[in-house]
Amino acid sequence: MPLRIKYILSICLTVPFLFSVDAYPLEVGDIAKNFALRDKKGGIVTLGATIQNSKATVLKFVSVYCEACKKQTADVNRIADEYGNKGVEVMAVALANDQADVDRVVAQWQPRYSLLADPDKYTYYLYTVPKVPQYFIIDNSGI
């Protein structure tokens, strides 16, 4: 077998395994996919722990370059303020190059909820986020 064909065949057989994360769009009634991201202080925040410690979780996907995401921050702040003491946790995952991008956005947008950097875009792939802003409402059973 010629070397070129072997090379192409090896790529075709390898590439699917590189993207073997179970990624498919969530539908109503599906269990939320757990993920872990670092917060500003370097601590690990998992969706699973957030869900367990709240009655409901509002998961928001944003981009640091998204004007609509910025404009919606005030509304999401009101939700966090009004329902936070009733057991509703609001957290956002930011499509960003690094923590510095998120820090800049936090200073500008002033969210009163967690805004976590996802520089590897893992959670975006995991949740198959087609556009931002994107919201998921998750109950304490993970649905």
Would you list which lysines come within 22 Å of residue 86, measuring only between C-alpha atoms, while excluding same-chain residues fewer than 8 positions from it?
-> 55, 60
List, largest first, the extents of the alpha carbons of region 64-143 along their principal axes, each in whole Å.
-> 34, 28, 19
May I ask you to give the solvent-accessible area per residue for region 23-143, in square angstrom, as obtained with a 1.4 angstrom probe?
-> 55 Å²
List, in order, the whole-Hz ³J(HN,Hα) value for each residue of region 56-69 obtained from phi through the Karplus relation with A = 6.51, B = -1.76, C = 1.60 and θ = phi - 60°; use x for Gly and Pro.
-> 7, 10, 9, 9, 10, 9, 9, 10, 5, 9, 8, 5, 4, 4
Spatially proximal aspartates and glutamates relative to residue 40 (Cα-Cα < 18 Å; intrachain offsets below 8 disregarded) | 89, 98, 101, 103, 118, 120
Burial ranking of peptide ranges 52-65, 27-40 (average Cβ count within 10 Å, highest at the top) | 52-65, 27-40
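The values are calculated or read from the model by the stated rules, or taken from the named source; none is laboratory data. The structure displayed is predicted, hence computed values, not measured ones. Please note: Cβ atoms are built from the backbone with ideal geometry, for glycine as well, and neighbour counts cover all protein chains shown. Only protein heavy atoms, including side chains, enter the accessible area calculation; ligands, DNA and RNA are left aside. Shrake-Rupley method; radii C 1.70, N 1.55, O 1.52, S 1.80 Å.
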